[in-house]
Amino acid sequence: VQLQASGGGLVQTGDSLRLSCAASGRTLSSRAVAWFRQVPGKEREFVAAIIRGGYKTYYTDSVQGRFTMSRDNAKNTVYLQMNSLKFEDTAVYYCAADRSEPPGLGTYDYSYWGQGTLVTVSS
């Protein structure tokens, strides 16, 4: 499955963005999907994940209550709604997918990766 992340951009503190992860080649509905983010010089970190059916999500503590992950299996797309953005949310965001559930928190838990989309939050 090929993943295409999009929706990044330059915003100000407190603004919102919605990232999209569109799949092609294979259906995304049979895979859990996660978002990770990475800043230069640091390891890629887990942000959020959603199970195949879409009724359960997981978030890292720093985004809990601000970010919401959802999926539209009919559109083969997963979303990350990011509200109340902070400077420290600045990163390249990657979507990833894997058949395993529950979704893992490590990069090694995912077999398929998108190319990343840059989110820059100005303070």
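The values are calculated or read from the model by the stated rules, or taken from the named source; none is laboratory data. Quick caveat, the model's predicted, so the values are computed rather than measured. Counting neighbours? That spans all protein chains shown, and the Cβs are built from the backbone with ideal geometry, glycine included. Accessible surface areas use protein heavy atoms only, side chains included; no ligands, DNA or RNA. Shrake-Rupley method; radii C 1.70, N 1.55, O 1.52, S 1.80 Å.
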Output the qualifying pairs, or none if there are none: Cβ atoms under 8 angstrom, residues six or more apart or on different chains, first residue in the stretch 66-95 and farther than 17 Å from THR13 by Cβ and touching a residue at least 24 places away in the same chain (Cβ under 8 Å), second residue among the acidic types (Asp, Glu) and open to solvent by 40 Å² or more (accessible area, probe 1.4 Å).
VAL78/ASP72; TYR79/ASP72
Here are some residues: GLY25, GLY14. Which one is in contact with a Ser or Thr (Cβ under 7 Å, 6 or more places away or on another chain) and of a type in the set (Gly, Ala, Ser)?
GLY14
Residues located in the stretch 78-113, provided they are within 19 Å of ALA23 (Cα to Cα) and surrounded by 22 or more Cβ atoms within 10 Å (Cβ to Cβ)
VAL78, LEU80, TYR93, TYR94, CYS95, ALA96, ALA97, PRO103, TYR110
When restricted to LEU85, LEU105, the only residue aliphatic (A, V, I, L, M), assigned to a loop (DSSP other than H, G, I, E, B) and closer than 14 Å to GLY7 by Cβ is LEU85
Out of all the residues in the stretch 32-50, is one or more surrounded by fewer than 18 Cβ atoms within 10 Å (Cβ to Cβ), touching a strand residue (DSSP E or B) at 6+ places or on another chain (Cβ under 6 Å), under 17 Å from ARG99 (Cα atoms) and not aromatic (Phe, Trp, Tyr)?
no
Please verify whether LYS75 is more than 12 Å from ALA32 (Cβ to Cβ), modelled with pLDDT under 95 and open to solvent by 10 Å² or more (accessible area, probe 1.4 Å), treating the condition exactly as stated.
yes
